[in-house]
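**Q** Below you will find the structure I want to go over with you.
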Amino acid sequence: MKPRHVGRIGVYTFLAFAALFFLAPLYIMVVTSLKSMDEIRLGQLFALPQHFNLDAWRTAWSEACTGVDCGGVRVGFWNSVAIVVPSTVLPIGIGALNGYALSFWKPRGADALFAVLMLGAFIPVQVMIYPLVKVVAAIGLFSSLPGIVLVHIVFSMPVMTLLFRNYYAAVPAELFKAARIDGGGFWRIFVQLMLPMSTPMLIVAAIMQITGVWNDYVLGLVFAGRDNLPMTVQLNNVINTTTGERLYNVNMAATILTSMVPLAVYFVSGRWFVRGIAAGAVKG
Amino acid sequence: MNPPRSASGASPPGGQRQWPGKAGSTAFAGWRRILRGLVPWGALLPMALTVLVAYLGATLWSLRVSMSSARTFPSDDFVGLAQYERLFDNERWQLSLQNLALYGVLFIVATVVIGFLLAVFIDQKVKGEGALRTVFLYPYAMSFVATGLVWQWVLNPGSGLQQAVRQMGWPDFTFDWIIDQDKVIYTVVIASVWQASGLVMALMLAGLRGIDDELWKAARIDGIPTWRVYLSIVLPMMGPTLATVFVLLFTGVVKVFDAVVAMTQGGPGTASDVPAKFIMDHLFGRANLALASAGAIVLLLTVLALVAPILYARSRGRSA
């Protein structure tokens, strides 16, 4: 029995140290955000705050400055919400529609198109970004909310289409045939039969899109325009473009605030989040 | 509008029932069939446009621009591969490629090793598995920007880890990689490994759980030590999972941009520059469209060269 005990202790020790490594940054973020600047200057990274105060959070939310604008990350929060909602609903709708058409209707040539789309998932953003700026500008949507949403639709299409195509591939063909014989047309079968059956995949896709779009930086930076900058861009501006002394407590509070939405999605969704990773990973 | 009845009269009024076999028996119904056949294509129109304009069109456009002398605006001249020669003579580009290679190798190796170890240890029927999984994976839900900013703070020598350890009684402790030109890229590796190891853990754990219990029973009967089974039997069995992990991590490596911008802004100087940042700077800051496009195409070719063999092997494996 003895060697087994040693083994168990080893397993738990390793896991405990690993957990500490993964939790440390979160802990440091939280305690730093609750300290005053005087306390931070003492340089005790791991110490708990002596006086619990939320001033830094208030400042980060509504007063922190990016250059001359001092509105906090609040503006970015609402911009991100405005971007995320349509950039979740539309790509999922289009992805489900693509997957449905590809799996059941199989129009001629569509599979070739799908193959190119899958390859497209591997094209680095930098290859496409300038041509897309030109295209989006040509249709008058550059630096606007519809513009950034359109770009999110484009970049999420490979994964969204793949998710639903694979999901519908597992639906028995007989079900579709029966619906056809009962007189169901293209749209009716999609809306009344397939979509209601897709709830699990809709949840997985929504989790992926909400976290992915919320965490996007480069697309928001280029396409959203000054008035729609997402929270990630604003956060980076608050922290990396400030002049004078850096207010670390405010910075950490702003970082936590920016991470709040995807973390909340993660903690609430639990295994669904992992399922999304596994399903999206199939693209490899 | 009511659709016309088919000649046989089999459809009830209103066309609620369409018998596919008989729908084409009149010319009118034939037209209807053609129109109906177009519906799926109509639905796929957004996808077709995306593929043709955004993916193929944009890539070809970048390829074309990379062979011109465009600076702020696209230009129509053709200079062959001159931009590529300039690109590879550019010291900043060379440095960014070296950084990418170093970062890529270290990041992928470290993430896979740590992720695999975490998965194996969690797989030992430990208590609190759910909590541990949550702890290891939560960084993956955070943005690269937030990750970069947190680690910038932790690794900042003046106020972060170095200072904290000095206060604890090791006054000579030094850990200032983030301001060291030769070591700064390693700090980006640390932050990225922290962010992505949980992802590998989750995928590997799913792979481990898919392994037949019989294998473990057989190994126990033969008296093979557990670590040996993992290394010599289980790991080779996880080939497909490893390929997935590699492709995911590799596409992440090529894209690395946000984390560098947030953590070091490419500095000190240009010491932690990466190709994606080089390209973005030359597209939008330095107005050197052609050079940036050449860089983007090089990046694309790198991805294809490394990912294509894996995809090819997989598609063969699937059809076999």
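Every read-out reported here was derived from the displayed coordinates using simple, explicitly stated rules and does not represent laboratory data. Keep in mind the model is a prediction, meaning the values are calculated, not measured. So basically every Cβ, Gly included, is an ideal-geometry build from the backbone, and we count neighbours across all protein chains shown.
**Q** Mean residue ellipticity at 222 nm from the helices of chain B, using -39,500 (n - 2.57) per DSSP H segment of n ≥ 4 over the full residue count, to the nearest 500 deg cm²/dmol? Spell out each step's value before the answer.
**A** Values: 15 runs with 201 residues, N = 320.
Result for chain B, helices only: -20000 deg cm²/dmol.
**Q** For chain A, with a Gaussian network of springs between Cα atoms less than 10 Å apart, report the residue from A:L150, A:L42, A:L219 with the top mean-square fluctuation.
**A** Maximum among the listed residues: A:L42.
**Q** Something else about it: So what's Rg/Rh here for region B:45-109, counting alpha carbon atoms and using the Kirkwood radius for Rh? Could the numbers behind the result be given before it?
**A** Numbers: Rg = 16.3 Å, Rh = 14.4 Å.
Value, to two decimals: 1.13.
**Q** Name the residues whose placed amide hydrogens come within less than 5 Å of the amide hydrogen of A:F142, ignoring near sequence neighbours (fewer than 5 apart) on the same chain.
**A** So A:F142 has HN proximity to A:A137.
**Q** Report the label-to-label distance for A:A112 and A:W78 in nanometres (one decimal), using points 7 Å from each Cα along the Cα→Cβ vector.
**A** For A:A112 paired with A:W78, the spin-label model returns 5.0 nm.
**Q** Jot down the per residue volume, in cubic angstrom and as a whole number, of the convex hull over the alpha-carbon atoms of the protein assembly as shown.
**A** 201 Å³
**Q** Please list 3J(HN,Hα) in residue order for region B:121-133, calculated via the Karplus relation 6.51 cos²θ - 1.76 cosθ + 1.60 where θ = phi - 60°; whole Hz, with x for glycine and proline.
**A** Result, ordered by residue: 5, 5, 6, 7, 6, 8, 6, x, 4, x, 5, 5, 4 Hz.
**Q** Continuing with the same structure: Give me A:E39, B:E85, B:E91 ranked fewest to most by other Cβ atoms within 10 Å of their Cβ, as a rough exposure proxy. Working shown, then result.
**A** Values: A:E39 18, B:E85 12, B:E91 8.
Starting with the residue having the fewest Cβ neighbours, the order is B:E91, B:E85, A:E39.
**Q** Please sort by residue number the trypsin sites (Lys or Arg not before Pro) in region B:234-309 whose DSSP state is loop and whose Cβ has at most 15 other Cβ atoms within 10 Å.
**A** Details: sites: B:K255, B:K277, B:R286; in loops: B:R286.
Qualifying residues, ordered by number: B:R286.
**Q** When the Cα atoms of chain A are enclosed in a convex hull and the volume is divided per residue, what value in Å³ results? Working shown, then result.
**A** Working: hull volume 56.0 nm³, N = 284.
Considering the Cα atoms of chain A, their hull volume per residue is 197 Å³.
**Q** In what sequence do B:F78, A:F164, A:F186 fall when counting other Cβ within 10 Å, fewest first?
**A** Ordered from fewest to most neighbouring Cβ atoms within 10 Å, B:F78, A:F164, A:F186 come out as B:F78, A:F186, A:F164.
**Q** What do you get for trypsin sites (Lys or Arg not before Pro) in region A:94-182 restricted to DSSP loop and a cutoff of at most 14 other Cβ within 10 Å of the site's Cβ?
**A** Values: sites: A:R108, A:K134, A:R165, A:K177, A:R180; in loops: A:R108.
Sites meeting the loop and neighbour criteria: A:R108.
**Q** For a Förster distance of 25 Å, can you work out the FRET efficiency between the beta-carbons of A:T199 and A:M260, rounded to the nearest 0.05? Could the numbers behind the result be given before it?
**A** Values: r = 26 Å, r/R0 = 1.05.
It comes out at approximately 0.45.
**Q** When a footprinting reagent is the concern and you count Cβ atoms within 10 Å, what order do B:L117, A:L102 take, fewest first?
**A** Numbers: B:L117 18, A:L102 25.
So the ranking, lowest neighbour count to highest, is B:L117, A:L102.
**Q** For region B:85-319, state what percent of all Cα-Cα pairs lands in each successive 5 Å bin, counting from 0 Å until the bin that includes the largest distance.
**A** 1, 6, 12, 14, 14, 14, 13, 10, 7, 5, 3, 1, 0, 0
**Q** List the chymotrypsin sites (Phe, Trp or Tyr not before Pro) in region A:192-253 that DSSP assigns to loop (not H, G, I, E or B) and whose Cβ has at most 13 other Cβ atoms within 10 Å. Which are they? It would help to have the intermediate numbers written out before the result.
**A** Details: sites: A:W214, A:Y217, A:F223, A:Y248; in loops: A:Y217.
Here no chymotrypsin sites (Phe, Trp or Tyr not before Pro) fit, given the DSSP loop and packing criteria.
**Q** Using θ = phi - 60° and the Karplus form 6.51 cos²θ - 1.76 cosθ + 1.60, what ³J(HN,Hα) does each residue of region B:56-62 get, whole Hz, x for Gly and Pro?
**A** Listing the rounded values in order: 5, x, 5, 5, 5, 4, 4 Hz.
**Q** Can you run phi through the Karplus equation (6.51, -1.76, 1.60; θ = phi - 60°) for region B:303-313 and list ³J(HN,Hα) in whole Hz, with x for Gly and Pro?
**A** Per residue, the Karplus-derived 3J(HN,Hα) values read 4, 4, 4, 8, 8, 4, x, 5, 4, 5, 4 Hz.
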